[in-house]
1. Can you divide the C-alpha Rg of segment 13-127 by 2.2 N^0.38 Å and report the result to two decimal places?
2. Please give the Cα centre distance for segment 213-264 versus segment 289-347, rounded to the nearest Å.
3. Wrap a convex hull around the Cα atoms of segment 71-118, take a quarter of its surface area, and give that in square nanometres.
4. Any idea how far apart residue 182 and residue 170 come out in nm if each label point goes 7 Å out from Cα toward Cβ?
5. Cα gyration tensor of segment 24-90, axes a ≥ b ≥ c as square roots of the eigenvalues: rounded (a/c below 1.5), prolate (a/b > b/c) or oblate?
6. Shape verdict for segment 117-161, please, from the Cα gyration tensor: rounded (a/c under 1.5), prolate (a/b greater than b/c) or oblate.
7. Mind checking the log10 I(q)/I(0) for segment 148-226 at q = 0.12, 0.23 Å⁻¹? Debye, one equal scatterer per Cα, no solvent, two decimals.
8. Looking only at Cα atoms, what is the convex hull volume of segment 223-305 per residue, in Å³?
Ligand code: ATP
Ligand code: MG
């Protein structure tokens, strides 16, 4: 690669919208994969807090975005993202990303945007009807800019992001073909190995766990809140008496056990499944077991989060420094893009 950012490392780009605290869906869908990738010195990670994307459906509530910026950064540090190894940055601090979006928008038709199934579902959930904000409708294009600006090859995300990765790959092919260049790199999505984790359902069991749907267990939840949430989880509505046979399919407690159980727990989980299906095992017992497993995972994260929350000034410093580093990389790509398009008139 030319310019001031030279690396032979594999670039990884990923991020989250600062629309609230991060939840278990983020943890199993993407955060765990990121920490794993960070541990390999062959990878260089960029992790973006996507505040501009969050504003596409929260234009009237910038205060929420501002506050969530810190919540998301604290969650990152708590799960083990290390600012010495991963560049943590804020989208709005890099105006070059929006410029790149302007050029990509001309390569994507409105019909193509309408076909994105994730955006379609989100539009329905938000009840926009005919009044979808333009910024929201085009956010997959902006996401393509975020990924390609770093020439990222790997993007660790949950399954809901598959259409975004596909669309990014199309934009890369279209750009490189249109301007007869190889400036842009086609990324690959990295999804969780465990199928049950790729789209973790919410506590209600209906939809994906999501910040906007208020159906999540947050990494920052204290032990009491966690207990209340687990005890209220959706199980088998027909499992009324303990002795009744119960269903483990679409039963959130068993789904979460499959996701959060470790290899050493599998035997016990299997035994509980059989007992439950046969009858004689009450929901409360299974929930207590799940609670134990979740606390084992979340207790160290909670402790680290509390520690980092003592010094928010340090969070600001980390994000400011990371944003500066990220901007240098994006400016370089943007310059190459404009040269490829023949519009770098004065340089
Ligand atoms: P919002 O409701 O504001 O869109 P969200 O909960 O969907 O928030 P995002 O910030 O949009 O979270 O997603 C960040 C990352 O977390 C993405 O890679 C996404 O695929 C992943 N992710 C989000 N929710 C889940 C989930 N329930 N299961 C697995 N991965 C998830
Ligand atoms: Mg989302």
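1. Here the Cα radius of gyration is 1.17 times the empirical estimate.
2. One Cα centre to the other: 32 Å.
3. Value for segment 71-118: 5.5 nm².
4. Rounded to a tenth, the inter-label distance reads 2.5 nm.
5. Because a/c hits 1.5 or more and a/b exceeds b/c, segment 24-90 counts as prolate.
6. Cα axes put segment 117-161 in the oblate bin.
7. -0.51, -1.04
8. 85
Bear in mind these aren't lab numbers, they're just calculated from the coordinates by the rules spelled out. In this text, all values refer to a predicted model and were calculated from it rather than measured experimentally. Here Cβ is always computed from backbone atoms with ideal geometry, including for glycine, and neighbour counts include all displayed protein chains.
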